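Report on one structure; see the data block that follows.
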Amino acid sequence: MFSAKVEQNQAYVIACGNEKGGTGKTTTSMHIAIALLNAGYRVATIDLDGRQKTLTRYIENRKNWSERYNLKLSIPTHEFIEPYKAETKTERDGNELAMFMAAVSRMEQTHDFVVIDTAGHDGYLMQLCHSIADTLISPLNDSYLDFDVLGQVDPQTGEVIRLSHYSGTVREARRKRRIADNGFLDWVIVRNRIATIHSRNSSAMISSLKSLSMKLGCRIADGISERVVFRELFPIGLTVLDDLEAATFGGKLNNSHLAARQEVRALISTLRLPIDEVGRKRAEARQKWLENADKPIDTMGLLAD
Ligand SMILES: Nc1ncnc2c1ncn2[C@@H]1O[C@H](COP(=O)(O)OP(=O)(O)OP(=O)(O)O)[C@@H](O)[C@H]1O
Ligand SMILES: [Mg+2]
């Protein structure tokens with residue numbers, strides 16, 4: 001499917017979604033976007049959570065930090081969808097839909113990836129976003145309370161006995177996508193904020209997720225541990241993938257930072273995104289450009305004749 005998209009010069013769409021709030025959608029969106037930018041891709045981001053605007057704020061913080069210290073951090077092209085105030089739900093949904101589709105079409109011809117952060121509740125925009133995505137990443141706190149939006153489990157065996165609302169939403173999105181262009185939505189569930197000390201809860205969650213993946217045809221990523229670094233980088237707009245020592249002026253990396261970076265990289269590789277030679281070449285070219293950006297332009301070649 002990706003090769004068809006490349007031929008049509010359409011961006012690959014990654015959505016971060018889960019009907020449960022506070023599972024790590026915004027944190028994950030930002031890390032995926034920066035990973036792809038740093039690998040040389042043209043990345044756009046859309047914040048569908050127009051009320052909280054947390055991804056928008058994260059990116060603004062990054063811009064401010066970069067400008068303040070002349071750091072030349074990679075920044076995605078970003079748009080957010082402002083909640084539309086209207087008398088009726090139909091009018092609101094229609095207007096938000098138009099704004100969202102306009103943002104996607106502005107971005108899809110000129111970027112390789114569009115990363116979309118969604119709000120933690122069901123809604124028209126969220127459903128639409130799921131049906132245009134190529135990859136859906138659903139971060140999930142390592143807790144049965146959060147698991148419940150995906151499926152209900154047998155308390156003795158941990159087997160999924162009933163699918164919940166959000167699973168139904170994703171199934172429906174997949175169906176619509178198949179009808180629209182015969183495309184396939186790759187759904188990857190990522191355990192997030194996993195306790196660094198292994199517990200019985202963790203083993204049980206893994207077994208229930210396996211049962212869920214059999215029922216839904218989704219994939220389960222190894223996951224990201226609970227680490228303070230994910231919380232403290234927001235005000236300066238950085239991610240664990242950035243050169244934190246340079247960007248924080250001598251802040252020393254500890255083992256937890258390195259492990260966090262490793263986990264995010266492992267997640268990116270599990271996603272099996274269409275990352276190839278083109279991106280690597282662009283990354284090299286961008287690096288060269290950045291290295292020479294402050295030097296005077298060499299006009300010798302141009303004036304030789
Ligand atoms: N791996 C992690 N370790 C520690 N804290 C984390 C981790 N991932 C996310 N957090 C923290 O958990 C909280 C929720 O994360 P985030 O805002 O990314 O979730 P969300 O799903 O986007 O929430 P919402 O549904 O409100 O939009 C934030 O305080 C964030 O800093
Ligand atoms: Mg969020």
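Please treat every number below as a calculation from the coordinates, not as lab data. Note that the structure is a prediction, hence the values are computed from the model and not measured. Heads up, the Cβs are rebuilt from the backbone with ideal geometry, glycines too, and the neighbour counts pull from every protein chain shown.
Of the trypsin sites (Lys or Arg not before Pro) found in the range 236-275, those that fall in a DSSP loop while having at most 16 other beta-carbon atoms within 10 Å are LYS252, ARG272.
Between ARG162 and THR270, the FRET efficiency estimated from the beta carbon spacing at R0 = 41 angstrom works out to 0.90.
At most 16 other C-beta atoms within 10 Å and a DSSP loop state: those are the exposed chymotrypsin sites (Phe, Trp or Tyr not before Pro) I care about. Give me the longest piece of the chain that has none.
Values: sites that count: TYR69, TYR84, PHE184, PHE249.
By the stated rule (loop sites, at most 16 other Cβ atoms within 10 Å), 85-183.
Summing Lys, Arg as +1 and Asp, Glu as -1, what charge do residues with Cβ under 15 Å from the Cβ of THR45 carry, THR45 excluded? Walk me through the numbers on the way to the answer.
Details: positive: LYS25, ARG42, LYS53, ARG57, ARG62, LYS63, ARG106; negative: ASP47, ASP49, GLU60, GLU79, GLU108, ASP112, ASP117.
Neighbour charge sum, excluding THR45 itself: 0.
Just add up the charged neighbours of LEU150: K/R +1, D/E -1, any other residue whose Cβ is under 15 Å from the Cβ of LEU150. Could you put the intermediate results ahead of the total?
Numbers: positive: LYS20, LYS25, ARG162, ARG171, ARG174, ARG191, LYS210, LYS215, ARG219; negative: GLU19, ASP122, ASP142, ASP146, ASP148, ASP154, GLU159, GLU172.
Computed value for this residue: +1.
Applying 1/(1 + (r/R0)^6) with R0 = 35 Å to the Cβ-Cβ distance of SER213 and ALA102, what FRET efficiency is obtained, to the nearest 0.05? The calculated FRET efficiency here is 0.50.
Measuring against 23 Å, Cα to Cα, the residue pairs LYS85/LYS176; LYS53/LYS215; LYS20/LYS53; LYS53/LYS89 contain LYS85/LYS176; LYS53/LYS215 as the ones spanning a longer distance.
Roughly speaking, what is the stretch gain from GLU87 to SER256, that is 0.36 nm per residue apart minus the C-alpha to C-alpha distance, in nm to one decimal? Write down the numbers at each step before the final one.
Details: separation 169, 0.36 × 169 = 60.84 nm, distance 4.95 nm.
Working it through step by step, the gained length comes to 55.9 nm.
When the chain is described by a simple charge dipole with +1 on each Lys and Arg Cβ and -1 on each Asp and Glu Cβ, the residue from SER208, PRO83, GLY21 located farthest towards its positive end is SER208. Against the chain, whose longest principal axis is taken from its Cα atoms, helix 89-108 shows a tilt of about 40°.
Beta bridges from DSSP with both residues in the chain: antiparallel share about 10 percent, rounded to the nearest 5. Across every pair of non-identical alpha carbons in the chain, the mean reciprocal distance, once inverted, gives a Kirkwood radius of 20.6 Å. Placing dummy labels 7 Å off each Cα toward the beta-carbon, the span from ARG175 to ASN95 is 3.1 nm.
Extension gain for LYS63 to LEU145 (0.36 nm times residue separation, less C-alpha to C-alpha distance): 25.9 nm. Assuming a ≥ b ≥ c are the square roots of the Cα gyration tensor eigenvalues, decide whether the range 160-253 counts as rounded (a/c under 1.5), prolate (otherwise, with a/b larger than b/c) or oblate. In terms of gyration-tensor shape, oblate.
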